[in-house]
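Trainee: If you scroll down you'll find the structure; I have some questions about it.
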Amino acid sequence: MTQLQKQRILVVDDEQAMRELLTDLFEDAGYEVSTAADSFSMNRALEEKPCALVILDLRLKGEDGLMLARELRKDSSIPIMMLTGKGDETDRILGLELAADDYLMKPFNNRELLARVRAMLRRTTELSLPQIRKEDSYSHQRYSFDHWVLDLTSRELFGPDGAVESLTYAEFGLLEVFVQSPNRALSRDQLLELSRGIEADVFDRTIDVLILRLRRKIEPNPKQPRYIRTERGLGYIFTAAVTQC
């Protein structure tokens, strides 16, 4: 991989030792790495040069990592991997609900972190490459449901008004599974494997949080979902009438 082809990872952590460890890990794996110790240096790094993924510590000194992730997500769909030394599941659920695409607790296994980062970057690359052929509309694979259109080629979701609805790669992957398997009850394990891959080491509530996020974006009334229904004891089912177009 040449220098021009290297993907850039931004590591945001207030511990110098952790920044150095992650820099060595990712550079040895062939990535370009930038580091930041706080929100100011994070924003400056993002402005200076685009990056493919952000690894963000939840427990930054004097700052709320969850708030930083939420602010970042407002303006960008860049994948966010959250790190924390606290094993509280509440933090994990809250972090994923706010903005993050994945979560790993310190101390972590270097090989596991690298594998999960590679999986996230691979999926992100798959999202962006089709944009080169965006003008070739005849080659696009699309699914429609109730005036929504999911374009699997350009990786975009178009609302009833024709506007593009912003989805993270994890949300898009989950919706893709649903439109390709309508009216079929899918367990959480099946949804995790089909939408995120078996490389991702996640917990059961991850799917619940992603479902919540998707419902907020596509359901007329998220509290009374029309499309993504809960099947008690089984998982979830996508009940919309789906057509390929």
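Trainee: Out of all the residues in the range 68-81, which are of a type outside the set (Gly, Ala, Ser) and either in a loop (DSSP other than H, G, I, E, B) or modelled with pLDDT under 85 (or both)?
Mentor: Going through the range 68-81, the residues of a type outside the set (Gly, Ala, Ser) turn out to be 68, 70-75, 78-81.
Once the filter is applied, which keeps residues that are of a type outside the set (Gly, Ala, Ser) and either in a loop (DSSP other than H, G, I, E, B) or modelled with pLDDT under 85 (or both), the range 68-81 yields 70, 73, 74, 75, 78, 79.
Trainee: If I ask for residues that are free of Cβ contacts under 8 Å to residues at least 24 places away in the same chain and over 21 Å from residue 8 (Cα atoms), which ones from the range 68-87 would you list?
Mentor: 87 - this is the single residue of the range 68-87 that is free of Cβ contacts under 8 Å to residues at least 24 places away in the same chain and over 21 Å from residue 8 (Cα atoms).
Trainee: Does the range 1-60 hold any residues that are in a helix (DSSP H, G or I) and β-branched (Val, Ile, Thr), and which are they?
Mentor: Filtering the range 1-60 down to residues in a helix (DSSP H, G or I) leaves 3-5, 16-28, 39-48.
23 - this is the single residue of the range 1-60 that is in a helix (DSSP H, G or I) and β-branched (Val, Ile, Thr).
Trainee: Taking the range 16-37 as the region of interest, how many residues are of a type in the set (D, E, K, R), over 20 Å from residue 122 (Cβ atoms) and surrounded by fewer than 16 Cβ atoms within 10 Å (Cβ to Cβ)?
Mentor: As a first pass, look at the range 16-37 and keep what is of a type in the set (D, E, K, R): 19-20, 24, 27-28, 32.
Of the ones still in play, those that are also over 20 Å from residue 122 (Cβ atoms) are 19-20, 24.
Add one more test, that the residue is surrounded by fewer than 16 Cβ atoms within 10 Å (Cβ to Cβ), and what stays is 20, 24.
Final tally of qualifying residues: 2.
Trainee: Still on this structure, please answer the following. I need the full set of residues from the range 157-195 which are under 14 Å from the mean Cα position of the chain (by Cα) and among the acidic types (Asp, Glu), in order please.
Mentor: Of everything in the range 157-195, those that are under 14 Å from the mean Cα position of the chain (by Cα) and among the acidic types (Asp, Glu) turn out to be 171, 176.
Trainee: Being crowded, with 18+ Cβ neighbours inside 10 Å and within 15 Å of residue 71 (Cβ to Cβ) is the filter here; which residues of the range 38-56 pass it? Lay out the reasoning, then the answer.
Mentor: Initial filter on the range 38-56 (crowded, with 18+ Cβ neighbours inside 10 Å): 39, 42, 45-46, 51-56.
Within the range 38-56, 39, 42, 45, 46, 54, 56 meet the criteria.
Trainee: Give all pairs with beta carbons closer than 6 Å in which a residue from the range 30-50 that is within 19 Å of residue 16 (Cα to Cα) and free of Cβ contacts under 8 Å to residues at least 40 places away in the same chain meets a residue that is among the small types (Gly, Ala, Ser) and part of a helix (DSSP H, G or I); count only pairs at least 6 apart in sequence or on separate chains.
Mentor: So the pair list comes out as 34/45; 36/45.
The values are calculated or read from the model by the stated rules, or taken from the named source; none is laboratory data. Computed from a predicted structure; not experimentally measured. So basically every Cβ, Gly included, is an ideal-geometry build from the backbone, and we count neighbours across all protein chains shown.
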